[in-house]
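Reviewing the structure listed below.
The values are calculated or read from the model by the stated rules, or taken from the named source; none is laboratory data. Just so you know, these numbers come straight off a predicted model, no measurement behind them. Heads up, the Cβs are rebuilt from the backbone with ideal geometry, glycines too, and the neighbour counts pull from every protein chain shown. With ligands, DNA and RNA removed, areas are computed over all heavy atoms of the protein, side chains included. Shrake-Rupley method; radii C 1.70, N 1.55, O 1.52, S 1.80 Å.
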Amino acid sequence: MNNADLIVATLKAAGIHRGFGIPSGNVLPLMEAMRRGGLDFVLTAHEGSAGFAADVTGRLTGAPGLCIATLGPGATNLATGVGCALLDRSPLIALTCDLNTEQIGRRIQMWIDHHALFKPITKATLRLERGRIGETVSQAIGLALSEPMGPVHLDLPEDVALAPTNEAVPPPGPRARMAPAPNGTIARAGELIAGARRPIAVIGSSAMRLADPSLLLRVIERHGLPFATTTMAKGLIDEDHSLSLGVIERACRQHQRRLLRSADLIVGLGYDTVEVEYEAWIAEVPLLQVDIEPVDIASSVRLVHQATGDLDASLKQLATLPASRNTWTEAALAEHRQQFQKALRPPSPSFTAHAAIDAVRRALPRDGVLSFDVGAHTHQIASQWSAHAPKSFLITNGWSSMGFGLPGAIAAKLARPDLPVVCLIGDGCFQMTCGEVAVAKRLGLKLPIVVLDDKWLALIKVKQIRRQFPLYGTALQDEDYREPPAHYFGVPAVGVGSADALEAAVRKALATNGPTVIEAVVDSDHYVDTVYD
Ligand SMILES: Cc1ncc(C[n+]2csc(CCOP(=O)(O)OP(=O)(O)O)c2C)c(N)n1
Ligand SMILES: [Mg+2]
């Protein structure tokens, strides 16, 4: 056994079954160990995508995602995906394969200091050294999985990878549990909830990592709390619930702000301000925060109390306190939901982006997984989509990088082959990551890839309009629309110009082996009203 074999065995023992990346000569010893050891290497088109795919794998499997790159430019490409795992709090191991130990630090082709590169975008960056391989990989896994979860970087010199070892494969370490919130803090939280007449809970992305997400529903129902969510927390409770208010701070956010500001208590449940700061929307409403980290707020925010500690433990306690009551009525909440959803769909004779998103929702079964991307479409999808289950609504909002959607969908389909998965992305994001279409093809993934072709980097166009800048540098396509080619990289491509045609195309693609690119030619002019209201 060499050190590369030991690394592979240690990763496998932690439940890691695949790694995404792009090789070079320096990576080959590790890849050979992966082949021998039965840890799949998934070749991506870009290392950034490997990072996003590993992030999503971490979210869905509970074991850290793994991504692999060569030195220098491989590492810098990988960095974009690794940063995603930092700000979206996903467990991830980023492995860079380096020169031989004695060459490190010299002026040699491709070499840069990987530890300096990864320091600001990881929880730790560690050197793999002879004799300390098992403990270092175990340490990295433990750190990635401790709250707040995140990425850890490991640098593997080629000679270390190839060196024989007699270290034993370390057993998987115990999962670090956070301490519960200090005694009495949850009881106080319960008193505040019981004393409020118009409380609203806002569920955030820390709750995505609950061991038992059903605790959220128990708290909400116990105390009759109307609940909204951040973008990433959608689906943790079925949005068809009668207490559901939908997402905050996305399309038609003023509707949501008006309601939130009419509350007399906001209860942040796992609310991580990395998605959106409280001061953006909370105004004067008192805040009760229940999360894993102390709250990060501007001085304007009226924090009345916070309970910081293990979120499962906090919610379990909240769910067993005596039930509380408030003055909200189901009718008022239903009316609000209906007005919000109506505002998101301004009528238009053309094939709108909102109609396209609804068509995709209709075609994807309730339990299906959506992976989407960053742009104006993100705002529209977040507000308009109804999510019904945890881990069914995949997006980056802490990192908010274009290029997440397609590798995210590929990783989701690999992790959950039993579930239907749809990728829904803007044309700008498609242009950034279209090479991954070939990856989906090679892997034989049943995957509709819906591209919202609106000819613009629409989010930036809308910002130009709002700020009265002339439109410049944001158009993606000047010429008139042309039907897409018959295929991209052997993946069939179809153009659709209506909601019905899109729905039919997605249904057909979900029943077809392999991926399908569906280009939906949409009119996104309504974003000026819906996305920035
Ligand atoms: C890596 C990266 N570069 C730039 C941005 C800024 N940005 C956010 S949305 C967007 C436009 C996305 O265009 P498209 O995919 O067509 O989506 P649309 O806004 O048209 O829905 C840009 C450039 C970003 N978030 N990430
Ligand atoms: Mg666009």
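Is it the case that Pro64 is modelled with pLDDT of 95 or more and surrounded by fewer than 22 Cβ atoms within 10 Å (Cβ to Cβ)? Here the answer is no, as Pro64 does not meet what is asked. In a residue-by-residue description of region 375-393, the property of being touching a residue at least 40 places away in the same chain (Cβ under 8 Å), farther than 24 Å from Asp240 by Cβ, open to solvent by less than 20 Å² (accessible area, probe 1.4 Å) and within 16 Å of ligand 2 (Cβ to nearest atom) applies to at least one position.
Each row is one residue, and each column tells you yes or no for (1) away from ligand 1 (no atom under 13 Å from the Cβ); (2) out of contact with any strand residue (DSSP E or B) (no Cβ under 8 Å at 6 or more places or on another chain); (3) closer than 18 Å to Val374 by Cβ.
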site	(1), (2), (3)
Ala412	yes, no, yes
Ile425	no, no, yes
Arg442	yes, no, no
Pro448	yes, no, no
Ala458	no, no, yes
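Being within 21 Å of Ala505 (Cα to Cα), acidic (Asp, Glu) and within 16 Å of ligand 2 (Cβ to nearest atom) is a property that does not hold for Asp358.
Residues in region 354-372 that are under 16 Å from Cys423 (Cβ atoms), within 15 Å of ligand 1 (Cβ to nearest atom) and either surrounded by fewer than 24 Cβ atoms within 10 Å (Cβ to Cβ) or touching a residue at least 60 places away in the same chain (Cβ under 8 Å) (or both): Ala356, Ile357, Val360, Ser371. For His46, the stated conditions do not hold, so it cannot be described as within 30 Å of Gly270 (Cα to Cα) and open to solvent by 10 Å² or more (accessible area, probe 1.4 Å).
Restricting the search to region 275-286, which residues are part of a loop (DSSP other than H, G, I, E, B) and closer than 18 Å to Pro148 by Cβ?
Those that are part of a loop (DSSP other than H, G, I, E, B) and closer than 18 Å to Pro148 by Cβ: Glu275, Val276, Glu277.
Scanning region 139-160 for residues that are of a type in the set (D, E, K, R), farther than 18 Å from Val56 by Cα and not in a strand (DSSP E or B) yields a total of 2.
(1) surrounded by 21 or more Cβ atoms within 10 Å (Cβ to Cβ); (2) under 19 Å from His379 (Cβ atoms): which one isn't true of Arg257, the others all being true? In the conditions (1) surrounded by 21 or more Cβ atoms within 10 Å (Cβ to Cβ); (2) under 19 Å from His379 (Cβ atoms), Arg257 misses (1) alone.
Per the conditions (1) out of contact with any helix residue (DSSP H, G or I) (no Cβ under 6 Å at 6 or more places or on another chain); (2) within 16 Å of ligand 1 (Cβ to nearest atom); (3) among the hydrophobic types (A, V, I, L, M, F, W, C), the sole criterion not satisfied by Met402 is (1). Of Leu245, Leu216, all but one fail to be touching a Pro at 6+ places or on another chain (Cβ under 7 Å), closer than 23 Å to Ala334 by Cβ and open to solvent by less than 10 Å² (accessible area, probe 1.4 Å); the exception is Leu245. Residue check: Ile449 meets all listed conditions (1) farther than 30 Å from Gly65 by Cα; (2) of a type in the set (A, V, I, L, M, F, W, C); (3) within 16 Å of ligand 2 (Cβ to nearest atom) but one, namely (1). Checked against the criterion of being under 28 Å from the mean Cα position of the chain (by Cα) and among the basic types (Lys, Arg), the candidates Arg345, Arg325 yield just one match: Arg345. For region 287-310, the set of residues classified as touching a residue at least 40 places away in the same chain (Cβ under 8 Å) and either open to solvent by 10 Å² or more (accessible area, probe 1.4 Å) or part of a loop (DSSP other than H, G, I, E, B) (or both) consists of Ile292, Glu293, Val304, His305, Gln306, Thr308, Gly309, Asp310, listed by residue number. Among all residues of region 79-88, there is none that is exposed (fewer than 15 other Cβ atoms within 10 Å of the Cβ) and either of a type outside the set (Gly, Ala, Ser) or at pLDDT 95 or above (or both). The criterion of being assigned to a helix (DSSP H, G or I), open to solvent by less than 30 Å² (accessible area, probe 1.4 Å), touching a residue at least 12 places away in the same chain (Cβ under 8 Å) and not hydrophobic (A, V, I, L, M, F, W, C) holds for Thr136.
Scanning region 321-335 for residues that are open to solvent by 80 Å² or more (accessible area, probe 1.4 Å) and touching a residue at least 12 places away in the same chain (Cβ under 8 Å) returns Pro322, Arg325, Glu330. Each residue in region 394-413 was checked for being open to solvent by 30 Å² or more (accessible area, probe 1.4 Å) and hydroxyl-bearing (Ser, Thr, Tyr), and 1 pass. Listed by first and then second residue, the pairs linking a residue in region 193-209 that is on the phi > 0 side of the Ramachandran plot to a residue that is buried (at least 24 other Cβ atoms within 10 Å of the Cβ) and in a helix (DSSP H, G or I), with Cβ atoms under 8 Å apart and 6 or more places separating them unless they lie on different chains, form an empty list.
The residue that is farthest from Thr231 (Cα to Cα), among those in region 382-399 that are within 16 Å of ligand 1 (Cβ to nearest atom) and part of a loop (DSSP other than H, G, I, E, B), is Trp399. Among residues of region 450-466 that are among the aromatic types (Phe, Trp, Tyr), those with a Cβ under 8 angstrom from a residue that is near ligand 2 (Cβ under 9 Å from one of its atoms) and open to solvent by 20 Å² or more (accessible area, probe 1.4 Å), sequence gap 6+ or separate chain, pair up as Trp456/Leu476.
So that you can scan it fast, the table gives a plain yes or no per residue for (1) free of Cβ contacts under 8 Å to residues at least 40 places away in the same chain; (2) farther than 15 Å from Gly21 by Cα:
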| site | (1), (2) |
| --- | --- |
| Leu78 | no, no |
| Gly81 | no, no |
| Leu86 | no, yes |
| Arg89 | no, yes |
| His114 | no, yes |
| Pro120 | yes, yes |
